[in-house]
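The values are calculated or read from the model by the stated rules, or taken from the named source; none is laboratory data. All of these numbers come straight from a predicted model, not from anything done at the bench. Note that we place each Cβ from the backbone using ideal geometry, even for glycine, and neighbour counts take in every protein chain shown. Please note that ligands, DNA and RNA were not included when accessible areas were found on the heavy atoms of the full protein model with its side chains. Shrake-Rupley method; radii C 1.70, N 1.55, O 1.52, S 1.80 Å.
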Amino acid sequence: MSAKLHVLDPTTSPSFPVAAKTMLGNTQLRKNVRHATEVIQNKRARVVSELPDWQQLREAGRQIRTHTMANLDFYLEEFERNCTKAGGVVHWARDAAEAKQIVTALVKASGSDEVIKVKSMTTEEIHLNHALEAAGIRAYETDLAELILQLGHDMPSHIVVPALHKNRQQIREIFQREMNLPELGERPQDLADAARRFLREKFLRVKTAVSGANFLIAETGGVCIIESEGNGRMCVTLPETLITIAGIDKVLPRFQDLEVMLQLIPRSATGERMNPYNSIWTGVHEGDGPRTFHVVLMDNARTEVLADEEGRQTLNCVRCGACQNACPVYRQTGGLAYGSVYAGPIGAILTPQLQQMHHAQSLPYASSLCGACYEVCPVKINIPEVLIHLRHKVVEQKDTLDAEALAMKAMGLIFRSERRFRAAQRLGRIAEAPLVRKDGQGSGWIDRLPGILGGWTQVRDLQQMPKETFREWWEKRGSRGK
Amino acid sequence: MVKVLERLGHTVEFPAGQTCCGQMHWNTGYQAEPLPLVGQFVSQFKGAEAVVVPSSSCVAMMRDHYPKMAAEIGDAKLIKDVEELLPRVFEFSEFLTKRLGLEDVGAYYPHRVTYHASCHGLRNLGLGDGPQRLLKAVRGIDLVEIQGLEQCCGFGGTFAIKNADVSSAMLAEKTTAVLNTGAEACTACDNSCLMHIQGALHRQRTGVRTVHLAEILASEEAVA
């Protein structure tokens, strides 16, 4: 592997159609993604169907999150007060650069040049590991999937299952090579054993940990992490110093709100009734857990997202990944095509907004608007609506002489007048004539369209316009005729 | 559709000034162009007892967006008109099953058919198994269920052009599922999905055709 940075950076990533084309050529990746998303989706469907009040739970989740976002300033300050009271130290970071600076300084101040990490998409968002590395600090990912990616110099393709695009054989190869275990078997327990041995030593040695947060509880100043492997529990209990970094959107008003969230998330994320490990810690306690605890609250454009009335529901996301598993586009391309740690439908709306529409403008179009994401979202984010809203923002940025904009304008004029609509139908028949070929049955088909329309005829034919439109048939026959 | 409705004893009118619901513009991000179409729709259909539409996605466009569009225009009368008209707008199968409470509309179609549930019909309109119930009541039909019924065919309007490769991959899965049923025809409540699926079925010379639900329901046994 080369030493170049392996990061998903929306400011430099190719557009979605270009990146997707590359991914579509990777047959192994496509099989892995199809298989994994199907397994999780089926598990999810099973455990969701067990709950008769699932729709009420979703609605409760939506209301909690919407209320929180509407009063975010209040709850963040409440969290800061209560966390501080419990012995935590709260830091505020305006953007990624500030967050990285703060975390790096805190690690150095802890006296360690290594950290163990709990899986955190927020740290992936800001490429924290590279900042730590540049400061001479070695970061060890302890979540199994993140470990696989780190050892394989790969990037996360899913919010919950970041190495979803890799299969068992590929993981075994990475472990054999990177852990120097040529004899490693390929059973799941062989791989888990190898990871356990590799990580156990880090857990016991490293004195400083970095975590993300599923929730920051304003009422108590507590932080909540939910996970499946227990590595998170190790990271938040064994080290002397714990540094948690969280987006400001992660706050939850009351402890009691976990009742709703901890029912919604495990079922949505991994198809489990309950996460195996639910860790909630509040400040520091003598003789129990880290002696120093920091929380870095990061904005990084979330305030701008919040300011947009139609886009702000994006911040309600609880990072369960259900939309990714349900998305037929993600199913074909996997997550890396989205050029951001936030892939799939949620990424298609979150990433361009976090980039304040300066980058990732192709992402709102990376959807057929089929609505499968909205259907499974545990907090009812209307992702298709937000996608359309962001498409509008992209269109607003377009040059007035843009070919698509001009064509749309022309069609808009046609649709506004019956006379022009009729003329366009007649004209369409004349214009398509040179492209039409007759098949054996005498019906006409177009197998090659010019320009951008050629995307259609890559794999599809287009039937010729009918000799007689419905309108013409109707007028000939007369209204009410039988 | 006209044939079925008239067979059931309804009077069908076709307001000549109608054109397009504006979905393509709206969903591609062009929100100014379709705004005038809301008023146009209202003026064309205002007097109707029921407005029946042979396309689930057009109905979804109207239901999901017209109230918001009317509000954006800021015309109080238009807002009220849209509010009054929308409950009378039905997708074709929805009109038959929910408004009229029918399943058997007297059709005869002696073919092996599979039904594709268009996303907007399935999720936005909540058509449920209405279309299948209509199909099951057709005499002579051999209705076979498709695998992955809830999966999008990959059309998505301009998505099929802007993301042609991904759309093609999605379509490949859908046509494989259609072919696996052994059906000779694939039906749906939305011509845009059908045009998409048909495009690949024809390109691959599969010998499987697409047919709108209304065409099946309009078919009758020839009386000698």
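Quick notes
- Residues that are aliphatic (A, V, I, L, M), assigned to a helix (DSSP H, G or I) and assigned by TED's automatic domain parsing to the domain that holds A:Ile243, drawn from segment A:73-115: A:Ala96, A:Ala97, A:Ala99, A:Ile102, A:Val103, A:Ala105, A:Leu106, A:Val107, A:Ala109
- Remark: pairs (first residue in segment A:103-124, hydrophobic (A, V, I, L, M, F, W, C); second residue assigned to a loop (DSSP other than H, G, I, E, B); Cβ separation under 6 Å; 6+ apart in sequence or on different chains) = A:Val107/A:Ile137; A:Ile116/A:Thr142; A:Ile116/A:Val206; A:Met121/A:Ile159; A:Met121/A:Val341.
- Scanning segment A:257-290 for residues that are in a helix (DSSP H, G or I), in contact (Cβ under 8 Å) with a residue 40 or more places away in the chain and open to solvent by 50 Å² or more (accessible area, probe 1.4 Å) returns a single hit, A:Gln263.
- Count of segment B:32-64 residues which are without any contact (Cβ under 8 Å) to a residue 24 or more places away in the chain, within 11 Å of chain A (Cβ to nearest Cβ) and assigned to a loop (DSSP other than H, G, I, E, B): 2
- Selection count, segment A:209-250, where residues are within 16 Å of A:Glu78 (Cβ to Cβ) and assigned to a loop (DSSP other than H, G, I, E, B): 5
- B:Lys136 meets the conditions (1) more than 14 Å from chain A (Cβ to nearest Cβ); (2) crowded, with 23+ Cβ neighbours inside 10 Å in every case but one. The failed one is (2).
- Some residue of segment A:38-55 being more than 14 Å from chain B (Cβ to nearest Cβ), crowded, with 18+ Cβ neighbours inside 10 Å and under 24 Å from A:Leu350 (Cα atoms): yes
- Meets criteria (open to solvent by less than 10 Å² (accessible area, probe 1.4 Å), under 15 Å from the mean Cα position of the chain (by Cα) and farther than 30 Å from A:Asn26 by Cα) for B:Cys153: no
- Matching entry among A:Cys317, A:Cys327 (being under 12 Å from the mean Cα position of the chain (by Cα) and either charged (D, E, K, R) or more than 10 Å from chain B (Cβ to nearest Cβ) (or both)): A:Cys317
- Within segment A:355-374, being within 9 Å of another protein chain (Cβ to nearest Cβ), under 14 Å from the mean Cα position of the chain (by Cα) and either open to solvent by 10 Å² or more (accessible area, probe 1.4 Å) or β-branched (Val, Ile, Thr) (or both) holds for A:Ser367, A:Tyr374.
- Residue within segment A:342-358 that is among the aromatic types (Phe, Trp, Tyr), modelled with pLDDT of 95 or more and not in a loop (DSSP other than H, G, I, E, B) present: no
- Of all residues assigned to segment A:375-385, at least one qualifies as being without any contact (Cβ under 8 Å) to a residue 60 or more places away in the chain, within 27 Å of A:Cys323 (Cα to Cα) and surrounded by fewer than 21 Cβ atoms within 10 Å (Cβ to Cβ).
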